[in-house]
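Engineer: Here you go, one structure.
The values are calculated or read from the model by the stated rules, or taken from the named source; none is laboratory data. Everything numeric in this text was worked out from a predicted model, so none of it was measured. Note: ideal-geometry Cβ built from the backbone for every residue, glycine included; neighbour counts use all protein chains shown.
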Amino acid sequence: MPLIKAQCPNCGGALELDPSKGAALCPFCDTPFLFGEPPAAGDRTDRDFEIENVTLKKYLGHGKEVVIPDYIEKIEEGAFADCAFITGVTVPDSVTAVGWNAFQNCTGLEWVNITSPAAWCGIDFNGMSANPLYYARSMRLNGKALTELVIPAGVTAVPEDAFKNCAGLTRVVLPEGVAAIGENAFENCKDLVSVSVPDSVVSVGKDAFWGCEKLTYNACGNALYLGGASNPYTALIRAADGPAPALAVHPRAKTIGSFAFFNRAELTDLALPEGLVSIGKFAFFGCAGLTRLSVPASVRLIDDWAFKGCKGLADVQIGSEETQVSPLAFEETPAEKRFAGKKPGGCYVATCVYGSYDCPQVWTLRRYRDDTLAATWPGRAFIRLYYAVSPGLVRRFGKTKWFKKMWQGVLDRLVKRLNANGVADTPYRDR
């Protein structure tokens, strides 16, 4: 009689049972049990886990395929550390945060199963080995191998490391509304051929597509871009192979990704188009040949170290006062002192509503931005989106009564809740 796959009702261990026998001994926990019908594969009890409220503190079981209970919201630091016998893990939609080294040394992991790409994109992973994909290198969606990833509408950011190492993933479609693609988000997806990037993307992190050897880019001049059907040139990802003495960014580009022209000392001429929204971290780091820069009024953010080490860059013209220039953007350039005192950010809508950058309500919001939002990847993505969108809203609607009234109601409730949770409304200096 053929063996039947099942699981130990005590530890959840994966078993193969002979249905002609009336008893079995679990090889993992040595628990003897009687059965008429063998226990169904996938049955679990919370005895496999140490749980406190909605936090999974430690995995106690011995099963190779782990199904995390569907009410868990947080997986604590080191919860699965050193469980090298685990081969697969199912992460439910309820999880929103995974702690440092949660899956450290889970070297036997082969796959991670999820049920919702949107929920997966909402998880805050605290470090590389917090994400089980660091070891598993394969993802399943509702039990089936993930080859085509279509992220649904409503997702605004793809987090750092979110789909890193996903072997077998060949195609990715991001919805309109996604503003940021995090560092290493699709790194080492070696089978990835196609990525559709919408016009809404204003930030592409370091090495987001590094190691994607089969990925097809859209070339223009000496730069490689990703985009969608309506605009193939949304995001400038990196320089093309070969020398790049001059770069004219495509007129339809929205963002220049982090490290795009890193250490291209031969670059002497850079033309940025009206319509460009952001310039990423280290985008032109070490481009020592640049001597002048004209930034169009459409640019809303020049991020940290974007032009660091451009030792000849003395003439910098910024087309709009609303452009947020990181105080680190021009480090080690002749233009450094001009921008050293500028701070990225600022509560633009809030300043419009409350009439001042220095008032109790805005101090509260600025503290929340720096102490809470800036501490997590989703929070940082929201800040970047806010930098990009808020000035335009204020410029277009800031003088209207309905705009101020609508936002004051929203912000008053938020400030009240933050104050109640201990966020102070005393004078505050931005970090």
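Engineer: Of all residues in the stretch 144-160, how many are surrounded by 24 or more Cβ atoms within 10 Å (Cβ to Cβ) and part of a loop (DSSP other than H, G, I, E, B)?
Structural biologist: Final tally of qualifying residues: 2.
Engineer: Identify the residue in the stretch 100-121 that is among the small types (Gly, Ala, Ser) and surrounded by fewer than 20 Cβ atoms within 10 Å (Cβ to Cβ) and, among all such residues, is farthest from Ala162 (Cα to Cα).
Structural biologist: Gly108
Engineer: Being aliphatic (A, V, I, L, M) and closer than 20 Å to Thr147 by Cα is the filter here, so list the residues in the stretch 79-128 that pass it.
Structural biologist: Val89, Val91, Leu109, Val112, Ile114, Ala118, Ala119
Engineer: Of all residues in the stretch 396-413, count the ones that are at pLDDT below 80 and part of a helix (DSSP H, G or I).
Structural biologist: Number of matching residues: 7.
Engineer: Quick check on this structure: which one of Ala246, Ala271, Ala260, Ala208 is buried (at least 20 other Cβ atoms within 10 Å of the Cβ), within 21 Å of Pro296 (Cα to Cα) and touching a residue at least 12 places away in the same chain (Cβ under 8 Å)?
Structural biologist: Ala260
Engineer: Could you list all residues from the stretch 293-314 that are within 14 Å of Lys281 (Cα to Cα) and of a type in the set (Gly, Ala, Ser)?
Structural biologist: Ala306, Gly309
Engineer: Looking at this structure, is Val349 modelled with pLDDT under 85 and either among the β-branched types (Val, Ile, Thr) or in contact with a Phe, Trp or Tyr (Cβ under 6 Å, 6 or more places away or on another chain) (or both)?
Structural biologist: Judged against the criteria, Val349 is a match.
Engineer: Identify, please: which residue in the stretch 375-384 is touching a strand residue (DSSP E or B) at 6+ places or on another chain (Cβ under 7 Å) and part of a helix (DSSP H, G or I) and is, among those, surrounded by the fewest Cβ atoms within 10 Å (Cβ to Cβ)?
Structural biologist: Pro378
Engineer: Further, regarding this structure: Just checking, does the stretch 274-283 include any residue being at pLDDT below 95 and polar (S, T, N, Q)?
Structural biologist: yes
A quick yes/no check of all residues on (1) modelled with pLDDT of 90 or more; (2) among the aliphatic types (A, V, I, L, M); (3) assigned to a strand (DSSP E or B):
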{"position": "Gly12", "(1), (2), (3)": "no, no, no"}
{"position": "Pro38", "(1), (2), (3)": "no, no, no"}
{"position": "Glu50", "(1), (2), (3)": "yes, no, yes"}
{"position": "Gly61", "(1), (2), (3)": "yes, no, no"}
{"position": "Ser94", "(1), (2), (3)": "yes, no, no"}
{"position": "Asn101", "(1), (2), (3)": "yes, no, no"}
{"position": "Leu109", "(1), (2), (3)": "yes, yes, no"}
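Engineer: Ok, one more. Would you mind listing the strands (runs of 3 or more DSSP E) fully within the stretch 198-260 where at least 3 residues are over 24 Å from the mean Cα position of the chain (by Cα)?
Structural biologist: The qualifying strands (runs of 3 or more DSSP E) are 246-248.
Engineer: Quick one: in the stretch 75-91, of everything that is in contact with a Cys (Cβ under 7 Å, 6 or more places away or on another chain) and not β-branched (Val, Ile, Thr), which residue is surrounded by the most Cβ atoms within 10 Å (Cβ to Cβ)?
Structural biologist: So the residue we want is Phe80.
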